[in-house]
Amino acid sequence: MTAPSGFTPDTAAPPAGQGGAAPRTATAPAPDPAEQRRRDRRSRRYRWDVRWSPYAFVAPFFVFFAAFGLFPLLYTGWASLHQVELTDPTHMEWAGWHNFSRLWEDEFFWKALRNTFTIGVISTVPQLMMALGIAHLLNYRLRASMFFRVAILTPYATSVAAATLVFALLFGHDYGMVNWSLGLVGLDGIDWQNGTWTSQIAVSTIVIWRWTGYNALIYLAAMQAVPNDLYESAALDGASRWKQFLHVTVPSLRPTILFTVVVSTIGATQLFGEPLLFNTAGTATGGADHQYQTLGLYMYEQGWVNLHLGRASAIAWTMFLILLLIAAANALFARRLRKSQ
C-alpha cells in the first residue's frame, strides 16, 4: 500500500546496543571568567543598594539637623556656661552657672517672662475660640466654601514684617485708624504703644490675625473626620446645631484642641518678630518700660544689642527648658485624656 503524498513516516533512532549510536549529552559551555566577575560585582552592588540606600535617602535630613539644629543647641549650652562676648566669640572664660543664677536676680528677665505669659494667654484663647467657630461654619455646606478657606489662610501667608508694620500704623496714637474709629463713637484715643495692657493687646491682635485661619483649617480637617452618624443620632434625639456642636463636635476634637493649644503655647513662648517691629523706635526693649518685651526679644537684646553672648545663651536654654516642661505637661494631659475615653 502506497503512503499518501506528503506523508513522512515517523522514524525512531534505534536504541543503544542494537546497531545505533549512543545519544550525545549536551554540555554547557564554560562561563567566561570576565562575565562571571561582572555578574558578581552587579550582585554585590545590588545587595549594597538594598542595604544602604534607605540610609542614604534619610542622611540629608540628619546632616542638616546636625549642622543647623544639634550643633547650635550644644554650642549654645556650652556658651551659657562661659562669659563670652559676641565681638570675640572664640574667647571664653568659664563662669559655671553664673549666667543662669544671674537671671533669678534680673528684674527684666522676670518682666519678660510675665509679658510672654500674658501675651500668650491674650493671643491664644481668643484665637483658638475664633478658629473653632470659623471651622464650625465652614464645616457646613456654603457657597464658595473653597474661596473662604483660602481667604482665612491668607494672613498666615503674609510675612510677619509686613503684617506688624501695618498694625503699627493702625494702632498709631495720632493718625491710627483704631483711634479714629474710637473717636467716631465719642471715645478718647488710646496710647497703644506706651501702655502696658494696651500694648500687649495690640501685639496679641497681630498674632490672632495671623494664626486664626491656620488653626481654623486644622479644626476643619478634624471636624470632617467626625462620623455623620453621630450628628444624625443627635438630630433624631432633638439636639439643635448648637447642642450638636457642644456635645458632639467639641468632644470629638479634644485631641486636636490639645494639639493646637500646645503648638500655640510654644509659638507664644518664642514670640519675637511682632513685639520687635511693633516698636516704632526700632529698639529691642519692647517699649519704653519693657512693657511688651518677650523672652525672645530679651534674648535678642542681650545677645545682639548688648553683645553678651553667654547671657543670651542662658536665656535660650531657659526657654528650651520651659518648652520641655510644656511638652511634658502635654504628654501627661494627653495620657489622662486617652484613659478617660
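Which residue out of Val207, Val226 is farther than 14 Å from Ile134 by Cβ and modelled with pLDDT of 90 or more?
Details: Val226 fails: modelled with pLDDT of 90 or more.
Criteria check complete, one pass: Val207.
Going residue by residue through segment 162-169, is there one that turns out to be assigned to a loop (DSSP other than H, G, I, E, B), touching a residue at least 24 places away in the same chain (Cβ under 8 Å) and closer than 19 Å to Ala284 by Cα? No - not one qualifying residue is present in segment 162-169.
I'm checking my understanding of the structure. Among residues of segment 312-325 that are out of contact with any Phe, Trp or Tyr (no Cβ under 8 Å at 6 or more places or on another chain) and under 25 Å from Thr196 (Cβ atoms), which one is least open to solvent (accessible area, probe 1.4 Å)? Across segment 312-325, the extreme among qualifying residues is Met319. Of the set (1) touching a helix residue (DSSP H, G or I) at 6+ places or on another chain (Cβ under 9 Å); (2) modelled with pLDDT under 90, all apply to Ser340 but (1). Answer with yes or no whether Leu276 is touching a helix residue (DSSP H, G or I) at 6+ places or on another chain (Cβ under 7 Å) and closer than 29 Å to Ala328 by Cβ. In short, no.
State which residue is farthest from Ile152 (Cα to Cα) when the search covers only segment 124-135 and only residues that are in contact (Cβ under 8 Å) with a residue 60 or more places away in the chain and surrounded by fewer than 20 Cβ atoms within 10 Å (Cβ to Cβ). Walk me through it before giving the result.
Residues of segment 124-135 that are in contact (Cβ under 8 Å) with a residue 60 or more places away in the chain, as a first pass: 124, 126-128, 130-132, 134-135.
Among the residues that remain, those that are also surrounded by fewer than 20 Cβ atoms within 10 Å (Cβ to Cβ) are: 126, 130.
Numbers: Pro126: 16, Met130: 12 Å.
Looking at the filtered set, the residue picked out is Pro126.
Within segment 136-172, work out how many residues are of a type in the set (Ser, Thr, Tyr), under 30 Å from Met223 (Cβ atoms) and surrounded by 12 or more Cβ atoms within 10 Å (Cβ to Cβ). Residues flagged as of a type in the set (Ser, Thr, Tyr), under 30 Å from Met223 (Cβ atoms) and surrounded by 12 or more Cβ atoms within 10 Å (Cβ to Cβ) within segment 136-172 amount to 3. Of all the criteria given as (1) at pLDDT 70 or above; (2) open to solvent by 100 Å² or more (accessible area, probe 1.4 Å); (3) over 34 Å from the mean Cα position of the chain (by Cα), the one not satisfied by Arg51 is (3).
Considering only residues of segment 268-295 that are of a type in the set (Gly, Ala, Ser) and in contact (Cβ under 8 Å) with a residue 60 or more places away in the chain, which is surrounded by the fewest Cβ atoms within 10 Å (Cβ to Cβ)? First the steps, then the outcome.
Going residue by residue through segment 268-295, those that are of a type in the set (Gly, Ala, Ser) are 268, 273, 281-282, 284, 286-288.
If we keep only those that are in contact (Cβ under 8 Å) with a residue 60 or more places away in the chain as well, we get 268, 273, 286-288.
Numbers: Ala268: 24, Gly273: 17, Gly286: 25, Gly287: 21, Ala288: 12.
Selected residue: Ala288.
For Leu81, the criteria (1) aliphatic (A, V, I, L, M); (2) over 30 Å from Leu246 (Cβ atoms); (3) modelled with pLDDT under 90 hold in every case but one, which is (3).
Filtered by the rule that a residue be touching a residue at least 60 places away in the same chain (Cβ under 8 Å), polar (S, T, N, Q) and in a helix (DSSP H, G or I), segment 86-123 gives Asn99, Asn115, Thr116, Thr118, Ser123.
Could you tell me which of the residues Ala235, Ala225, Ala202, Ala216 is among the small types (Gly, Ala, Ser) and open to solvent by 70 Å² or more (accessible area, probe 1.4 Å)? Spell out the reasoning first.
Numbers: Ala235 fails: open to solvent by 70 Å² or more (accessible area, probe 1.4 Å); Ala202 fails: open to solvent by 70 Å² or more (accessible area, probe 1.4 Å); Ala216 fails: open to solvent by 70 Å² or more (accessible area, probe 1.4 Å).
When all the criteria are applied, what remains is Ala225.
Regarding segment 139-158, can at least one residue be identified that is touching an Asp or Glu at 6+ places or on another chain (Cβ under 7 Å) and modelled with pLDDT under 90? Let's see the steps before the verdict.
Here is the first cut: in segment 139-158, the ones touching an Asp or Glu at 6+ places or on another chain (Cβ under 7 Å) are none.
No: zero hits.
Taken as a whole, the condition of being open to solvent by 70 Å² or more (accessible area, probe 1.4 Å), touching a strand residue (DSSP E or B) at 6+ places or on another chain (Cβ under 6 Å) and not polar (S, T, N, Q) applies to Glu93.
What number of residues in segment 238-249 are open to solvent by 40 Å² or more (accessible area, probe 1.4 Å) and among the hydrophobic types (A, V, I, L, M, F, W, C)? So that I can check it myself, show each step before the final result.
Our first condition is that a residue be open to solvent by 40 Å² or more (accessible area, probe 1.4 Å); within segment 238-249, this holds for 238, 240-243, 246-247.
Still in the running and among the hydrophobic types (A, V, I, L, M, F, W, C): 242, 246.
Result for segment 238-249: 2.
In segment 189-199, the residue that is most open to solvent (accessible area, probe 1.4 Å) out of those that are among the hydroxyl-bearing types (Ser, Thr, Tyr) and in contact (Cβ under 8 Å) with a residue 24 or more places away in the chain is Thr196.
The values are calculated or read from the model by the stated rules, or taken from the named source; none is laboratory data. The shown structure was predicted, so the numbers you read here are calculated from the model rather than taken from an experiment. Here the Cβ is made from the backbone with ideal geometry for all residues, glycine too, and neighbour counts use every protein chain on show. We work out accessible area using only protein heavy atoms, side chains counted, and drop any ligands, DNA or RNA first. Shrake-Rupley method; radii C 1.70, N 1.55, O 1.52, S 1.80 Å.
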